[in-house]
């Protein structure tokens, strides 16, 4: 579930960044306003994502890609 | 200059100087790779020519801009030029993220025997498919001779010595670096707001903070590389090592470029080149920094956590 939320927020961040780009290309007062607002949204969502990931990690809802392999890692030959 | 006229650039020698610089750099680099004695010197010379070209050319453009030579049409062409540059950057990182997903979700599991072994050739029967940040063995674990892992972070002796906590822990430097870059995004947003509101002193303060945070990120990234490399994670450490260093390495390069660009913008603000209504140079660099920030966030979430 956390993964789904994280991906949704990442997509929202990319969309906000995209709107910021559109504003920058457009230029002028309207473009400048749009760019600034989009980038504020982007920063806010990024902070939210970071807090979510760290909190989920702390609660054990997600685990980092670090595991201890404590036995000799030998996989049985593939049977065909 | 009237709105109807399009600004035609004067004759300039900077492109040919840039070409000479790039050619010299590559000739030096190729010879350096072949162990030729003068390779490194020629590389440095080529780089120096490139830097000279950038200072000269960009300086000329800045002068033309501040002298009021450019009109709105030129402004539009700058904005479109920046957007195409950004498009190429997005494609660049998309390729590396694509490689990461492909290797992690498809090719490594296939090699390990997934999907009815259709894609599993008899490359090496002892191949152990693993995709971990640090697929480390417990210290002292002795590997059976011939064992191959997708991430062979095991010394040549075959006896593991490092533990995950010894190498890269997402709670350690990566989390700190993410916090630093996110903070730099926040400070840059404050600088952007101050610029739009016309508060020059505040812009300088927030920009200096942004540059300092970016530089701190780079310093910690160097530390992390030293740590990981020392414990056996190299560019040659299987597909994990390759994608890890390609993604984080190119990202670090982009942060370096971003810090240089922000420093130039800081200099230009102190020179009074921008005002609340006219500051495309700042906007271009700010967007670039936000983009680099988002790339790192993606790296942090997908490489270290999910």
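The values are calculated or read from the model by the stated rules, or taken from the named source; none is laboratory data. In this text the structure is predicted, and so the values were computed from the model without any measurement. No Cβ is skipped: glycine too gets one built from the backbone with ideal geometry, and neighbour counts run over all protein chains shown.
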Inset, instruction - Of the numbered conditions (1) surrounded by fewer than 16 Cβ atoms within 10 Å (Cβ to Cβ); (2) under 24 Å from the mean Cα position of the chain (by Cα); (3) modelled with pLDDT of 90 or more, residue B:86 fails exactly one; give the number of that condition. - result: (1)
Legend entry - Qualifying positions in segment B:37-67 - farther than 21 Å from residue B:15 by Cβ and surrounded by fewer than 16 Cβ atoms within 10 Å (Cβ to Cβ): B:37, B:38, B:40, B:41, B:44, B:66, B:67
Inset, instruction - Can you tell me which residue among B:218, B:207, B:235 is in contact with a helix residue (DSSP H, G or I) (Cβ under 9 Å, 6 or more places away or on another chain) and surrounded by 20 or more Cβ atoms within 10 Å (Cβ to Cβ)? - result: B:207
Inset, instruction - Could you tell me whether segment B:263-282 includes any residue that is under 18 Å from residue A:43 (Cβ atoms), under 18 Å from the mean Cα position of the chain (by Cα) and away from chain A (no Cβ under 13 Å)? - result: no
Inset, instruction - Please work out which one of (1) in a helix (DSSP H, G or I); (2) in contact with a helix residue (DSSP H, G or I) (Cβ under 9 Å, 6 or more places away or on another chain); (3) without any contact (Cβ under 8 Å) to a residue 24 or more places away in the chain is the condition residue B:302 fails and give its number. - result: (3)
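If a residue has to be in a loop (DSSP other than H, G, I, E, B) and more than 8 Å from chain B (Cβ to nearest Cβ) to count, how many in segment A:36-62 make the cut?
The first filter runs over segment A:36-62 and keeps only residues in a loop (DSSP other than H, G, I, E, B), leaving A:60-62.
Remaining after also requiring more than 8 Å from chain B (Cβ to nearest Cβ): A:60-61.
Here the count works out to 2.
One line per residue, one yes/no per condition, for (1) at pLDDT 95 or above; (2) within 14 Å of chain A (Cβ to nearest Cβ); (3) farther than 26 Å from residue A:20 by Cβ:
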{"position": "B:199", "(1), (2), (3)": "no, no, no"}
{"position": "B:206", "(1), (2), (3)": "yes, yes, no"}
{"position": "B:225", "(1), (2), (3)": "no, no, yes"}
{"position": "B:242", "(1), (2), (3)": "no, no, yes"}
Legend entry - Criterion: more than 8 Å from chain B (Cβ to nearest Cβ), within 21 Å of residue B:71 (Cα to Cα) and assigned to a helix (DSSP H, G or I) - qualifying residue of A:22, A:15: A:22
Inset, instruction - Within segment A:22-37, track down each residue that is touching a residue at least 12 places away in the same chain (Cβ under 8 Å) and crowded, with 22+ Cβ neighbours inside 10 Å. - result: A:23, A:35
